[in-house]
1. Out of the residues in the range 121-153 that are among the small types (Gly, Ala, Ser), touching a residue at least 60 places away in the same chain (Cβ under 8 Å) and not in a strand (DSSP E or B), which is nearest to LEU101 (Cα to Cα)?
2. Looking at the range 62-77, is at least one residue within 20 Å of ARG21 (Cβ to Cβ), over 15 Å from the mean Cα position of the chain (by Cα) and of a type in the set (S, T, N, Q)?
3. Considering only the range 100-120, state which residues are touching a residue at least 60 places away in the same chain (Cβ under 8 Å) and over 27 Å from VAL18 (Cβ atoms).
4. Looking only at the range 21-36, decide whether some residue is touching a Leu at 6+ places or on another chain (Cβ under 7 Å) and open to solvent by 10 Å² or more (accessible area, probe 1.4 Å).
5. Being in contact with a Gly (Cβ under 6 Å, 6 or more places away or on another chain), more than 18 Å from LEU125 (Cβ to Cβ) and either buried (at least 17 other Cβ atoms within 10 Å of the Cβ) or among the hydrophobic types (A, V, I, L, M, F, W, C) (or both), is that true of even one residue in the range 54-63?
6. Provide a single number: the residues in the range 19-36 that are modelled with pLDDT of 90 or more and aliphatic (A, V, I, L, M).
7. Starting from the range 1-16, take each residue that is within 19 Å of ARG42 (Cα to Cα) and open to solvent by 60 Å² or more (accessible area, probe 1.4 Å) and list its partners that are at pLDDT below 85 and of a type in the set (A, V, I, L, M, F, W, C), counting only C-beta distances under 7 angstrom and pairs at least six apart or across chains.
Amino acid sequence: DTNWNDPAALAAVEPGAVRIRGLVLHKRTMALEDYEMSFSARADKKTIGWVVHAADTGTYRAFKLRQVRDRRGQGSEYELVRYPVVAGRAPARSTLEAVPLAARLPESRFLDITVRVTEQQVFTLVNGYGVDTWKDPSPKAGGLGFLAENGETFVVKSLVVSGNDDFLGHFLAGADETLRGLASLTATLYLVPPEQEFYRQ
């Protein structure tokens, strides 16, 4: 699909779903400042990754939801790791901050992830639970995408983007758009007209 910078990073796995390998950015969101992205994803190897504030493939804010422990019959424990990548350089792994999730989540199921992005703050929810707020005082715009590196892979079956930025109104002229898919598969990107509420109450 020409809306993504690297369609080869998206592989069809089932109707309406793709497997992510590598870094893939949605090119038509690169100028956004305020928006919300919601998607459903399932980890193949314990990790689901995404990026926001992406200026290009070398500069972005990376997030990884990582399974750290599985308690059979009681759900899995996860942590959220987030870090900046600037000019292709990420902080040393030993310095990365990990935020533990208070709630245990079902193992091997699709998780619903919502990320509210403003110029200076990123708020993350998983399955409806607010799990993290990351503040960054330096104003910035930038697009969104998915990240699977170092052998990581995961499956995404939907993506919904909404916002109150004027760009979104021009992007779809207040209408919903159904993409032919990620990697020529069926997946849907919706953009909500700017006059609608920025996020769900």
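1. Looking at residues that are among the small types (Gly, Ala, Ser), touching a residue at least 60 places away in the same chain (Cβ under 8 Å) and not in a strand (DSSP E or B), I get GLY151.
2. Yes, that holds for at least one residue.
3. THR118, GLU119 - these are the residues of the range 100-120 that are touching a residue at least 60 places away in the same chain (Cβ under 8 Å) and over 27 Å from VAL18 (Cβ atoms).
4. Yes: the range 21-36 contains one or more residues that are touching a Leu at 6+ places or on another chain (Cβ under 7 Å) and open to solvent by 10 Å² or more (accessible area, probe 1.4 Å).
5. Yes, the range 54-63 contains a residue that is in contact with a Gly (Cβ under 6 Å, 6 or more places away or on another chain), more than 18 Å from LEU125 (Cβ to Cβ) and either buried (at least 17 other Cβ atoms within 10 Å of the Cβ) or among the hydrophobic types (A, V, I, L, M, F, W, C) (or both).
6. 4
7. If the second residue must be at pLDDT below 85 and of a type in the set (A, V, I, L, M, F, W, C), the pairs left are ALA12/ALA183; ALA12/LEU185.
Every residue, every condition in (1) at pLDDT 85 or above; (2) within 24 Å of SER138 (Cβ to Cβ), yes or no:
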residue	(1), (2)
LYS45	yes, no
GLY58	yes, yes
VAL68	yes, no
GLU79	yes, no
ALA92	yes, yes
LEU96	yes, yes
LEU105	no, no
ILE113	yes, no
VAL117	yes, yes
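The values are calculated or read from the model by the stated rules, or taken from the named source; none is laboratory data. Source: prediction; values computed, not measured. Positions of Cβ are generated from backbone atoms using ideal geometry, with glycine treated the same way; all protein chains shown enter the neighbour counts. When the accessible area is computed, the model is the full protein with side chains, heavy atoms only, and any ligands, DNA or RNA have been set aside. Shrake-Rupley method; radii C 1.70, N 1.55, O 1.52, S 1.80 Å.
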